[in-house]
Amino acid sequence: MIDQIAIRRKFGFELVECTEWNDLPRNERVQLVTEGRVEFLADGESVDVREALTQLQHLAAA
């Protein structure tokens, strides 16, 4: 299960929780993913983007 999201910013990475990610505007999330500036983590391990987005979608719907 996704527990952190690392967003690459100008001066390093910003770690956010799933709820913070879901609170970002949709267009910003899409831009971060398409630009490859985001990494989804589960217990410190990188998760495939497609799988992570599916998990986050289910979390947001709950």
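Here are a few things to note about the model shown:
- Test: residue in the stretch 37-53 that is within 12 Å of residue 6 (Cβ to Cβ), among the acidic types (Asp, Glu) and within 12 Å of the chain's Cα centre (by Cα): yes
- Any hit, the stretch 39-48, residues being open to solvent by 100 Å² or more (accessible area, probe 1.4 Å) and not in a loop (DSSP other than H, G, I, E, B): yes
- Every pair of residues 6+ apart whose Cβ atoms lie under 8 Å, when the first sits in the stretch 28-50 and is on the phi > 0 side of the Ramachandran plot while the second is not in a strand (DSSP E or B) and not basic (Lys, Arg): 43/3
- Hits in the stretch 18-38 - residues which are among the polar types (S, T, N, Q), modelled with pLDDT of 95 or more and surrounded by 12 or more Cβ atoms within 10 Å (Cβ to Cβ): 31
- When residue 15 is tested against (1) surrounded by 14 or more Cβ atoms within 10 Å (Cβ to Cβ); (2) among the hydrophobic types (A, V, I, L, M, F, W, C); (3) without any contact (Cβ under 8 Å) to a residue 24 or more places away in the chain; (4) in a strand (DSSP E or B), exactly one condition is not met: (1).
- Any chance residue 52 is at pLDDT 95 or above and outside any loop (DSSP other than H, G, I, E, B): no
The values are calculated or read from the model by the stated rules, or taken from the named source; none is laboratory data. A quick note: this is a predicted structure, and the numbers were derived from the prediction, not measured. Every residue, glycine as well, gets a Cβ built from its backbone with ideal geometry; the counts of neighbours run over all protein chains shown. Only protein heavy atoms, including side chains, enter the accessible area calculation; ligands, DNA and RNA are left aside. Shrake-Rupley method; radii C 1.70, N 1.55, O 1.52, S 1.80 Å.
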